[in-house]
Every structure is written in C-alpha cells, then in structure tokens.
Amino acid sequence: MIEVLKSFLFGIVEGITEWLPISSTGHLILLNQFVKLDVSEEFYSMFEVVIQLGAILAVVLFIRNQIFPFGAPEGSHTVRRRQAKHAHRKRNPEMEF
C-alpha cells in the first residue's frame, strides 16, 4: 500500500514539473533518492517511461487545438456527429442538446 502512495507522489511531481521549463526527469531522480520505491531496477526504468508518457499525453490533450488548429478532418466521426446534431436541431428546434 505504501508503494502505491509513493507512486502517487511520483505522479504528482511529474505532473507539476512537466509544465515547468526544468527537467521533470531530474526531479524524479532526486525524489527517488529521498523516497525509494521498493521495486527492481528494470521496473523503475519502465515506471519512469510510463509516468512521463502519461504526462506528455496530458499536455498533448490539453493543447490539442493548438497542435491541430484546423479541427477534425472532413468525414471524421466528430464532423459527422456535429452535422447530425445540426440537422436534428433544424428538424426539432424546440429540443436542445
């Protein structure tokens, strides 16, 4: 149970330092010096990769409109859903989604 709490602490540190212009990996290394995870070296290496991948994915999702400024491509599921809602509103103006 204590290892789960330590992992949660590592996740918080990674999540906060990912947004700062400093090394989030360096903070994980420093934190590991003070709060040792009781896992094998191979597991810890994979843990670092997965936790950083999660933080990077969160950043990409947060700024996805800046990365893909033109929205969903024509014919995608998102565009078709938006068109279907628009058509439904035209037929039933009293109903609101």
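The values are calculated or read from the model by the stated rules, or taken from the named source; none is laboratory data. Worth saying up front: this structure is predicted, and the values here are computed from it rather than measured. Here the Cβ is made from the backbone with ideal geometry for all residues, glycine too, and neighbour counts use every protein chain on show.
Do we find a residue being part of a loop (DSSP other than H, G, I, E, B), small (Gly, Ala, Ser) and either at pLDDT below 80 or surrounded by 11 or more Cβ atoms within 10 Å (Cβ to Cβ) (or both) anywhere in segment 35-55? No, segment 35-55 has no match at all.
Only one of these is at pLDDT below 85 and either in a helix (DSSP H, G or I) or aromatic (Phe, Trp, Tyr) (or both): Ala72, Ala87. Name it. Walk me through it before giving the result.
Numbers: Ala72 fails: either in a helix (DSSP H, G or I) or aromatic (Phe, Trp, Tyr) (or both).
Criteria check complete, one pass: Ala87.
I'm trying to understand the selection: among the residues of segment 1-16, which are over 13 Å from Gly54 (Cα atoms), β-branched (Val, Ile, Thr) and surrounded by 14 or more Cβ atoms within 10 Å (Cβ to Cβ)? None - no residue of segment 1-16 is over 13 Å from Gly54 (Cα atoms), β-branched (Val, Ile, Thr) and surrounded by 14 or more Cβ atoms within 10 Å (Cβ to Cβ), so the list stays empty.
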